[in-house]
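See below for the structure under consideration.
The values are calculated or read from the model by the stated rules, or taken from the named source; none is laboratory data. Because the structure is a prediction, the values reported are computed rather than measured. Cβ placement follows ideal geometry from the backbone for every residue including glycine, while neighbour counts extend to all protein chains displayed. These area figures cover heavy atoms from the full protein model, side chains too; ligands, DNA and RNA do not enter into them. Shrake-Rupley method; radii C 1.70, N 1.55, O 1.52, S 1.80 Å.
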Amino acid sequence: MVAEAAEPEALGVLREAAAGRRAAGLNRTLTPRTAGGRPGLLDLASNDYLGLAADPRLAEAAAAAARDWGPGATGSRLVTGTTELHRRLEAELAAFAGVPQTLVFSSGYLANLAVLTALAQVLGQAGDGVLIVSDAANHASLIDGCRLARAQGARVVVTPHADVAAVERALAGRPERYALVVSDTVFSVAGDLAPVRDLHRVATAHGALLVLDEAHAFGVLGPGGRGAAAAAGVTGDPALVLTFTLSKALGSQGGAVAGAAEVTGTLIDVGRPFIFDTGLAPPSAAAALAALAILRDEPGLGQRAGDKARRLARAAAGLGFETSEPAAAVVRVLLGQAALAVSARDVCAAQGVRVGCFRQPSVPPGQACLRLTARANLSEVHLALAFRA
């Protein structure tokens with residue numbers, strides 16, 4: 001008879017840590033969505049800024065692609081995972097955004113990891129070092145990309161949020177020959193806009209590449225939804241690298257990197273998140289193509305989403321809450337303590353409104369908040385429900 005094995009000590013440690021998170025209001029749960037959404041529940045939590053995720057034109061494009069190519073990519077982009085849809089999507093994204101080339105990934109997270117690690121690796125091999133200057137409020141994917149770039153020998157300096165002077169000091173005082181300046185354009189929690197034009201000016205003056213994550217700006221800001229870099233008038237610069245997501249304004253799945261041919265070529269040759277990941281599923285590529293076509297035909301969608309976000313922010317401020325001024329479609333309602341944010345989220349849900357609840361590690365301690373995301377297709381009835389909640 002085999003004696004019963006003792007429980008591994010590590011499981012007890014994990015259990016105690018989970019209990020501590022629950023007590024602090026930091027535990028997470030998975031809440032499945034129902035097809036079509038729960039009747040009577042207003043969604044102000046998703047990143048579906050243009051209201052395209054449930055658009056039948058995207059669903060039909062995805063279904064046709066699944067019939068033609070199958071539901072998955074079958075392999076990495078360098079083996080069997082590149083289809084005609086991928087090449088067409090890359091060409092149309094580049095043309096729409098006004099950039100030389102784009103390269104599509106299976107997620108925006110991987111796109112950011114690939115850019116920072118591959119550039120750090122190749123520039124580092126050239127000698128004389130690489131500096132990465134990163135905004136303190138950058139998304140986790142950029143933060144993780146910086147951490148991994150350290151393994152390639154890069155030095156990382158984190159500057160205070162939106163502090164262009166600090167960025168310039170870091171660049172001017174660096175011993176390294178090469179430098180990257182890294183920032184979100186619209187920050188994912190507070191919803192504020194980076195000083196894109198000033199960052200571009202400083203990066204240019206000091207010979208640095210500027211890497212901008214357009215995840216929360218693409219489709220919403222700029223002429224026809226072309227993003228914050230387009231709004232700032234800097235998209236023609238070959239020293240600019242942009243990353244996008246296809247899973248927010250475009251209502252699909254995946255990510256992309258845009259830049260000079262030297263940048264995309266580097267990612268194809270040495271970008272581990274590109275080389276070793278299964279390619280974007282063809283139905284997602286087709287849905288993103290359909291969304292791009294809609295955005296070209298309806299260039300005012302982004303403006304409508306922004307207008308709705310500003311109305312939500314004014315309503316929350318009118319109730320006495322501390323809110324952000326939305327640059328795009330994201331509205332932050334600052335509450336401070338995690339338990340208070342969780343309670344407020346649950347009250348909203350009871351009133352028929354689903355909102356985002358951000359706590360550590362998504363935000364620093366004491367900065368817990370609700371995040372409301374507007375959509376272009378919110379109706380007056382939707383807004384009235386949100387205001388009552």
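Within the range 223-239, the residues that satisfy the criterion of being of a type in the set (Gly, Ala, Ser) and surrounded by fewer than 24 Cβ atoms within 10 Å (Cβ to Cβ) are 224, 231, 232, 233, 236, 239. Screening the range 90-119 for residues that are in contact with a Pro (Cβ under 8 Å, 6 or more places away or on another chain) and not polar (S, T, N, Q) and picking the one that is nearest to residue 228 (Cα to Cα) gives 94.
Based on this model, can you work out whether residue 205 counts as under 28 Å from residue 130 (Cα atoms), open to solvent by 40 Å² or more (accessible area, probe 1.4 Å) and among the small types (Gly, Ala, Ser)?
So residue 205 fits the description; yes.
Could you tell me whether residue 345 is under 30 Å from residue 62 (Cα atoms), crowded, with 19+ Cβ neighbours inside 10 Å and of a type in the set (D, E, K, R)? Walk me through it before giving the result.
Values: under 30 Å from residue 62 (Cα atoms): no; crowded, with 19+ Cβ neighbours inside 10 Å: yes; of a type in the set (D, E, K, R): yes.
When the stated conditions are applied, residue 345 does not pass them.
Taking the criterion of being open to solvent by 20 Å² or more (accessible area, probe 1.4 Å), touching a strand residue (DSSP E or B) at 6+ places or on another chain (Cβ under 9 Å) and farther than 16 Å from residue 45 by Cα, the only residue of the range 280-314 that qualifies is 314.
What helices (runs of 4 or more DSSP H), lying completely within the range 1-99, carry at least 2 residues that are under 30 Å from residue 299 (Cβ atoms) and modelled with pLDDT of 95 or more? In the range 1-99, the matching helices (runs of 4 or more DSSP H) lie at 56-69, 84-97. Of 61, 35, all but one fail to be among the small types (Gly, Ala, Ser) and surrounded by 15 or more Cβ atoms within 10 Å (Cβ to Cβ); the exception is 61. Applying the selection to the range 121-159, what residues are open to solvent by 70 Å² or more (accessible area, probe 1.4 Å), at pLDDT 95 or above and not in a helix (DSSP H, G or I)? Passing the criteria: 155, 158.
With respect to being closer than 23 Å to residue 47 by Cβ and in a helix (DSSP H, G or I), residue 111 fits the description. Each residue in the range 325-339 was checked for being touching a residue at least 40 places away in the same chain (Cβ under 8 Å) and surrounded by fewer than 22 Cβ atoms within 10 Å (Cβ to Cβ), and 3 of them qualify. Taking each residue of the range 307-324 that is free of Cβ contacts under 8 Å to residues at least 40 places away in the same chain and looking for partners that are open to solvent by 30 Å² or more (accessible area, probe 1.4 Å) and part of a helix (DSSP H, G or I) with beta-carbon atoms closer than 8 Å, six or more apart or interchain, yields 323/317. Pairs linking a residue in the range 188-209 that is closer than 26 Å to residue 330 by Cα to a residue that is assigned to a loop (DSSP other than H, G, I, E, B) and aromatic (Phe, Trp, Tyr), with Cβ atoms under 9 Å and 6 or more positions apart or on different chains, are 193/187; 194/187.
For the range 296-386, give me every one of the strands (runs of 3 or more DSSP E) that falls completely inside it and has 2 or more residues that are under 20 Å from residue 54 (Cβ atoms) and over 19 Å from the mean Cα position of the chain (by Cα). Ranges flagged: 353-358.
Test residue 17 against the criterion of being open to solvent by 60 Å² or more (accessible area, probe 1.4 Å) and without any contact (Cβ under 8 Å) to a residue 60 or more places away in the chain, and give yes or no.
Numbers: open to solvent by 60 Å² or more (accessible area, probe 1.4 Å): no; without any contact (Cβ under 8 Å) to a residue 60 or more places away in the chain: yes.
Answer is no for this residue.
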